[in-house]
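Data first, discussion second: the structure below is written as structure tokens.
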Amino acid sequence: MTGSTISGTISHSVTFGSGAYTGPLTIATTGAIAPTTADAAGVLMPASVTGSVVNFGNITGGLDTNIYFNSGVGVQMAGGSFINDGHVAGGAEATGGAYGGIGVYMTGGVFDNAASGTVAVGSGNLAYAVDIAGGTFINAGTLDISGNAAYAVVFGDVNNGATANVGTLVADPGAVFNGKVSASTNLADVLEFGSGSSVGTLTGIGTQFLNFAHFSFATGASFDVSGTVTAFDAKQTIAGFAAGDALTLDGFTEKSASFVSGTGLELTGTAGNVITLDLAGAFTTADFKITPSGANTTISLVQPCFAQGTKILTTHGEIPVEQLSPGDVVLLHNGEHATITWIGHRSLTPASHPSPEKIMPVLIMAGALGDGLPSRDLYLSPDHALYLDAHLIPAKALINGVTIRQVARHKITYYHVELTTHAVLLAEGVPAESYLETGNRNAFTNSNEPLNLHPDFARSLRAAGSCAPLVESGPIVEAVRRRLLARFPADTTNDPALTLQSRHDGSLIIASRSAIPGHLNADPRDQRQLGVKIVSITRTDGTAIALDHPDLVEGWHMLEPDGRWTNGAAIIPATLLNGQTVHLTTAATLPYRIAPQNRIAV
């Protein structure tokens with residue numbers, strides 16, 4: 001037979017590739033395979049087979065009487081492909097047995113557990129839902145280890161008596177792993193994030209997902225992954241990291257970073273510790289967007305854009321970017337001409353984005369950069385660079401909170417214009433960069449590539465091919481910012497308007513004005529929202545509340561040698577107050593803006 005469908009109940013093991021089952025095999029929703037022979041596998045797929053099995057029904061291994069884990073297996077495979085849209089389980093532990101059966105035991109082939117599929121252990125003592133000693137297991141469904149089982153997945157289990165090969169586990173969005181996933185400590189097993197054009201999140205690397213030597217972000221996928229520093233540091237390789245992916249290091253706060261070719265991304269923490277992420281790719285330090293937040297740090301790659309409505313100067317005058325087409329000719333800042341080769345576009349709803357601040361547009365008000373610059377309000381993605389003082393400077397590095405500021409939008413449509421070479425065109429009269437191809441074209445709907453569903457449009461600009469150096473901080477940026485700040489000085493006060501406010505739960509709010517230093521100063525790097533710096537907190541009974549108390553969390557920045565900043569609304573929990581109020585001693589305040597300017601004359 002070239003193909004078979006099982007719709008009834010079969011009480012013996014089915015060996016695919018032999019007998020009646022030599023072609024494609026489908027187990028229908030009404031089909032079941034449940035061997036009555038002890039220790040028999042439900043379905044066997046030898047290494048010699050290349051065909052496929054699709055399961056919509058139920059597959060169960062025979063009673064497990066053996067001390068080894070590969071007895072009474074639901075599906076035992078060494079080759080071929082298996083797609084599970086039904087239920088696969090190991091056999092129950094027999095009387096006098098040692099273990100329940102494994103759901104899937106594989107030394108080769110590809111097992112794809114679809115979103116509606118489940119793989120379970122047999123009832124009884126310890127067993128695994130999946131044992132990978134080679135091959136690839138893709139999970140978009142559920143791995144069920146209800147009972148006494150400790151692991152959802154193990155790699156290269158030594159008890160199975162087989163020589164284990166390197167295995168790959170692919171975690172698709174929505175996948176459920178009820179239990180730990182442990183790679184082999186002797187082999188370089190791979191954990192891959194996503195497949196196809198998927199979008200997802202995976203947490204627990206280093207706590208739930210253990211011992212992996214290689215991590216891989218699937219091409220076209222967009223995944224947010226988080227885990228401990230030790231799970232990613234130095235010994236583990238990270239492949240496929242691209243725009244739209246994000247990696248969060250739990251318990252690590254970045255202070256500085258540098259990408260070293262052949263080594264990886266070297267990160268120095270605020271505690272002085274240095275870690276290295278072995279990120280494969282032709283990156284430079286400027287390619288990475290590194291965002292410390294509390295005790296964690298998130299790393300991503302990004303891409304810049306124009307907002308819809310932005311007028312671009314062409315040989316036929318200024319034309320809104322959405323009306324341009326490949327073949328149109330634009331005028332460059334130096335008077336030369338360039339032909340448009342491609343225009344990318346993308347509409348986004350920030351409220352549905354995991355990090356809205358990455359895509360909220362930056363407004364550069366008319367006249368903010370100079371007389372008639374821009375000629376009209378200009379809206380850019382945060383990392384779109386302007387050409388100022390012979391350098392490319394991202395819009396986010398120019399924010400002052402008044403004439404240049406990030407604004408909220410329910411929906412935003414971005415465009416990017418690619419020319420024959422990376423160059424500086426004129427947008428609302430302002431010199432701004434064109435699109436530079438850096439492997440992130442999938443951030444745009446019309447790229448003909450699998451769509452990155454959660455782009456942040458930040459910079460992935462490399463030195464090679466760039467028309468000018470990129471700078472986000474340092475002397476060049478500070479010189480530009482000083483000119484802009486002097487052009488429209490802000491009205492400020494040094495009075496923090498500090499008050500203590502009681503809450504119904506017995507806690508206190510340390511309330512004050514707040515400011516972002518990076519908006520007021522020439523150096524844009526400090527983007528913290530700061531209220532006042534507290535040097536001591538003393539209850540009315542004379543008891544001091546330590547500034548590093550673990551319950552001081554909400555509204556507090558990290559402790560510094562001379563005190564601790566609030567964000568303008570810091571909470572002292574009722575558990576620390578014992579029904580009393582407190583006396584505060586402040587170490588520092590800031591200039592606080594009191595009269596934001598709403599419009600400037602052009």
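At-a-glance table
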{"quantity": "Residue-wise HN-Hα coupling along the range 56-63, computed from phi with Karplus coefficients 6.51, -1.76, 1.60 (Hz; x: Gly, Pro)", "calculated": "10, x, 10, 10, 9, x, x, 3"}
{"quantity": "Accessible area (Å², per residue) of the chain, counting only protein heavy atoms and a probe of 1.4 Å", "calculated": "40"}
{"quantity": "Accessible surface, 1.4 Å probe, highest first, among residues K533, K289, K180, K255", "calculated": "K255, K180, K289, K533"}
{"quantity": "Cα gyration tensor shape of the range 359-407, rounded if a/c is under 1.5, else prolate or oblate by comparing a/b with b/c", "calculated": "oblate"}
{"quantity": "Anisotropy class of the chain from Cα gyration tensor, a/c 1.5 cut", "calculated": "oblate"}
{"quantity": "Dipole in debye (nearest 20) - the chain, about Cα centre, beta carbon charges: Lys, Arg +1; Asp, Glu -1", "calculated": "1260"}
{"quantity": "The range 1-49: relative contact order in percent, alpha carbon pairs under 8 Å with at least 6 residues between", "calculated": "45"}
{"quantity": "Paired Rg and Dmax values of the range 180-273, which use every Cα atom, in angstrom", "calculated": "13.4, 39"}
{"quantity": "Helix 475-487 axis, angle to the chain major axis (alpha carbon atoms, nearest 10°)", "calculated": "50"}
{"quantity": "Beta bridges by DSSP in the chain, antiparallel share as percent, to the nearest 5", "calculated": "50"}
{"quantity": "Positive-pole candidate from T60, A32, A395, dipole of the chain, charges at beta carbon", "calculated": "A395"}
{"quantity": "Distant alpha-carbon pairs in the range 475-560 (separation over 18 angstrom), percent", "calculated": "58"}
{"quantity": "In Å², nearest 10: area of T315 left accessible to a 1.4 Å probe", "calculated": "70"}
{"quantity": "Carbon and sulfur %, accessible surface of the chain computed with the full protein complex present, 1.4 Å", "calculated": "52"}
{"quantity": "Rounded, prolate or oblate (a/c below 1.5 giving rounded, otherwise prolate when a/b exceeds b/c) for the range 329-434 by Cα gyration tensor", "calculated": "oblate"}
{"quantity": "17 Å Cα-Cα reach of K396 towards lysines, excluding residues that sit fewer than 8 places from it in its own chain", "calculated": "K289, K358"}
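The values are calculated or read from the model by the stated rules, or taken from the named source; none is laboratory data. This one's a predicted model, so the numbers in the text were calculated from it and none came from an experiment. We place every Cβ from the backbone using ideal geometry, glycine too, and count neighbours over all the protein chains shown. Just so you know, the surface numbers come from the protein's heavy atoms only, side chains and all, with ligands and any DNA or RNA stripped out. Shrake-Rupley method; radii C 1.70, N 1.55, O 1.52, S 1.80 Å.
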